[in-house]
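Below is one structure, written out as structure tokens; comments come after it.
The values are calculated or read from the model by the stated rules, or taken from the named source; none is laboratory data. Only a predicted model underlies this, so the values are computations on that prediction, with no experimental measurement involved. Reconstructed Cβ throughout: ideal geometry from the backbone, glycine too, with neighbour counts over all protein chains shown. Side chains are part of the model used for accessible areas, which takes the heavy atoms of the whole protein and leaves out ligands, DNA and RNA. Shrake-Rupley method; radii C 1.70, N 1.55, O 1.52, S 1.80 Å.
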Amino acid sequence: MIKIQDLTKNFGPKTAVNGISFTVERGEVLGFLGPNGAGKSTTMRMVTGFIPPTSGRIQTGEYDMLAQPIQAKRLIGYLPENAPLYSDMTVHGFLSFAAEARGLRGGERQKAVARAIELCFLERVVHQSIDTLSKGYRHRACFAQAIIHDPPILIMDEPTDGLDPNQKFEMRSLIRRMGEKKTIIFSTHILEEVDAACTRAIVIDHGRIVANGTPAELKRQAEGAGTVLIRVAGLTAAALRQTLDPLAAARKTAIVEETPGGVCARVFPQTKDSDGALARALFEIAVKSSWKLEELHTEEGRLDEVFRAITLSDTAKEGRQ
Amino acid sequence: MNSFGNILTIAKRELNGYFASPVAYVFIVIFLLLIGFFTFMVGGFFDRGEASLVSFFMWHPWLYLFLVPAVGMRLWSEERRQGTIELLLTMPITAWQAIVGKFLAAWAILALSLLLTLPIVLTVRYLGSPDMGAIFCGYVGSLLLAGACLSISSMTSAMSRNQVVSFIVSVVACLSLILAGWPPVTKMLEQWASPWLVEAVAAFSVMTHFDAFQRGVLDSKDFIFFVLVMAFSLFTTSVIIRGHRAG
Ligand SMILES: Nc1ncnc2c1ncn2[C@@H]1O[C@H](COP(=O)(O)OP(=O)(O)OP(=O)(O)O)[C@@H](O)[C@H]1O
Ligand SMILES: [Mg+2]
């Protein structure tokens, strides 16, 4: 549905986006991650046709954004960063304008406006002037504008910024629901959202893609991914070590804490994708030795760890150059 | 047809904005107050003892000089400052349609204020028998002059996201277009420049063409001049907008 090839954007001597390529299909929700100034917003602005790329191709649906911008823009709903709005209008007036600009007229337009108001929980402020709205409601009004024409492609720059926890939750489930039938790209700094809403995530740093995969794939890159945490009551650290050291599936054992009541340890697997083999092996040992097992689970790996590892190492590299 | 619909959508939103904020009302009231003051108090409308609107139309360029940039300065600076330009230009609307739509809406406000001066026409009709053709020409000229100044404001407002800067640049640009053909200035120029140069400069002035309308001459040459000024300025607006999107 969206195909980006070698997208590059220079602002004067500065390269904001540097040769990004990716595709997103219908039914996919793509999360855009990256530190501040990585080039997420710039990429989205190019994909939505707001700024022309220095070089590269943008294919939306069957249209090329640079050759047929009007047809391409019809397919897209866009929520820009910071949710800009015409502050001199009421919410209803603004949404009517957005619908009309999208080519909806008469009854069709009214229906679209009513639907957007309902989906975004805007009933309470329909006739309020936009410059008196709170930040969260401004955000929702701008989001309503993005979905007013039920676009097949939805591009959102930090859609949950400024929303309260309930609204964040609503927004995530809305994204997930809409993602089943649409093509969605959204950027965020909240890593749980990647788990909660995305089918795939791309990490951008310094204008380049540094990681691209499903949330599970990304998490597997974490240092702690695949390690097994084990907690046994009435056992000393030394006894635990002695039992586990000969284990072939384990690379090493690190004691997390030792108390008079027992011991807690992290066991590192020999290979990263052992798929629970290590935990099963540990469980068998525990049964054989009649340990009083309190806890046993395989760590999934944490996204923030991965994020830090990828983007920090990259920053360090840039610094050395 | 579709592009006409888009222009109309933009223009409607703009008009909505003008009347939702005090901009339109303030402009209309100030325009009417000032034009009344100059026509009757300074221009000596009654003392002239003639049934014409010369003392009315002669003030229009000077009022437009300050009032039109005040309306036009927000056209694009406001859009850039609020970031709504990002919404506008990612809708299936061309930049050109947006520029024309916004321009037409602001021009409609100016036209409306001009329309509200009609009582002054009724007054001269009541007092004597004026040349209605000349008065009609005067109004056409005035509307075109307002449009020309507005298109220049549109251009300067695209240059800066600061409205004050855009206002000042616009006033200066309009002023030079007015002064280039203003008799006191042309007389001064004649003393040291060759006549043909003065002629050429004056031909670029809105005053020369505005005066032709005031004399009751409806010449296509003057008409085309104003249309060209507007087309050029609006085209430049689109170039500037494309320029800062390109970064
Ligand atoms: N119009 C512009 N002119 C010059 N530089 C720009 C412009 N827009 C963006 N940049 C630069 O491009 C880089 C990428 O900016 P961008 O807004 O895409 O970052 P981002 O990933 O969205 O960051 P954030 O998480 O803070 O929103 C930044 O270094 C920024 O300063
Ligand atoms: Mg951003």
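Structural remarks
- Looking across A:ALA286, A:ALA279, A:ALA249, A:ALA216, one residue alone is of a type outside the set (D, E, K, R) and surrounded by fewer than 15 Cβ atoms within 10 Å (Cβ to Cβ). It is A:ALA216.
- The listed residues are A:ILE209, A:ILE185, A:ILE148, A:ILE202, and the only one of them that is more than 27 Å from A:GLY56 (Cα to Cα) and in the same structural domain as A:VAL91 (by TED's automatic domain parsing) turns out to be A:ILE148.
- Counting the residues of the stretch B:9-19 that are facing chain A (nearest Cβ under 9 Å) and more than 13 Å from B:ARG74 (Cβ to Cβ) gives 5.
- The stretch A:1-13, residues that are surrounded by fewer than 18 Cβ atoms within 10 Å (Cβ to Cβ), within 19 Å of A:THR60 (Cα to Cα) and within 13 Å of ligand 1 (Cβ to nearest atom): A:THR8
- Condition check for A:THR15: assigned to a strand (DSSP E or B), within 14 Å of chain B (Cβ to nearest Cβ) and either closer than 14 Å to A:ALA201 by Cβ or of a type in the set (Ser, Thr, Tyr) (or both): yes
- Out of A:ARG251, A:ARG172, A:ARG177, A:ARG200, sole residue that is within 30 Å of A:PHE121 (Cβ to Cβ) and either without any contact (Cβ under 8 Å) to a residue 12 or more places away in the chain or in contact with a Phe, Trp or Tyr (Cβ under 8 Å, 6 or more places away or on another chain) (or both): A:ARG177
- Of everything listed in (1) more than 18 Å from the chain's Cα centre (by Cα); (2) closer than 22 Å to B:GLU86 by Cα, the single unmet condition for A:VAL47 is (1).
- Subset tally (residues that are crowded, with 18+ Cβ neighbours inside 10 Å and of a type in the set (S, T, N, Q)) for the stretch B:1-34: 3
- Answer residue from the stretch A:32-58, given it is at positive phi and within 7 Å of ligand 1 (Cβ to nearest atom) and is nearest to the other protein chains (Cβ to nearest Cβ) among those: A:GLY39
- Selection status of B:CYS149, in contact with a Cys (Cβ under 9 Å, 6 or more places away or on another chain) and touching a residue at least 24 places away in the same chain (Cβ under 8 Å): yes
- Filter result (surrounded by fewer than 16 Cβ atoms within 10 Å (Cβ to Cβ) and within 16 Å of the chain's Cα centre (by Cα)) within the stretch B:180-228: B:PHE204, B:ILE224, B:VAL227, B:LEU228
Each row is one residue, and each column tells you yes or no for (1) in contact with a Leu (Cβ under 8 Å, 6 or more places away or on another chain); (2) within 16 Å of ligand 2 (Cβ to nearest atom); (3) acidic (Asp, Glu); (4) modelled with pLDDT of 95 or more.
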position	(1), (2), (3), (4)
A:GLY27	no, no, no, no
A:GLY49	yes, no, no, no
A:THR60	yes, no, no, no
A:GLN68	no, no, no, no
A:ASP88	no, no, yes, no
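- Residue within the stretch A:269-284 that is over 37 Å from the mean Cα position of the chain (by Cα), part of a helix (DSSP H, G or I), modelled with pLDDT of 85 or more and charged (D, E, K, R) present: yes
- In summary, A:ARG102 fulfils each of the numbered conditions (1) within 16 Å of ligand 1 (Cβ to nearest atom); (2) free of Cβ contacts under 8 Å to residues at least 60 places away in the same chain; (3) facing another protein chain (nearest Cβ under 8 Å); (4) not acidic (Asp, Glu) with the single exception of condition (1).
- Residue match in the stretch B:82-100 (condition: more than 14 Å from chain A (Cβ to nearest Cβ), touching a helix residue (DSSP H, G or I) at 6+ places or on another chain (Cβ under 6 Å) and open to solvent by less than 10 Å² (accessible area, probe 1.4 Å)): yes
- Answer residue from the stretch A:14-31, given it is more than 8 Å from ligand 1 (Cβ to nearest atom) and open to solvent by less than 10 Å² (accessible area, probe 1.4 Å) and is farthest from the chain's Cα centre (by Cα) among those: A:ILE20
- Test: residue in the stretch A:69-86 that is at the interface with chain B (Cβ under 9 Å from one of its Cβ atoms), among the polar types (S, T, N, Q), closer than 30 Å to A:GLY12 by Cβ and under 28 Å from the mean Cα position of the chain (by Cα): yes
- Single unsatisfied condition, A:GLY107 versus (1) within 16 Å of ligand 1 (Cβ to nearest atom); (2) out of contact with any Lys or Arg (no Cβ under 7 Å at 6 or more places or on another chain); (3) at pLDDT below 95: (1)
Residue-by-condition table, conditions (1) within 16 Å of ligand 2 (Cβ to nearest atom); (2) within 22 Å of A:THR188 (Cα to Cα):
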site	(1), (2)
A:PRO13	no, no
A:GLY19	no, yes
A:GLY31	yes, yes
A:PRO35	yes, yes
A:THR43	yes, yes
A:THR54	no, no
A:ARG57	no, no
A:LYS73	no, no
A:ILE76	no, yes
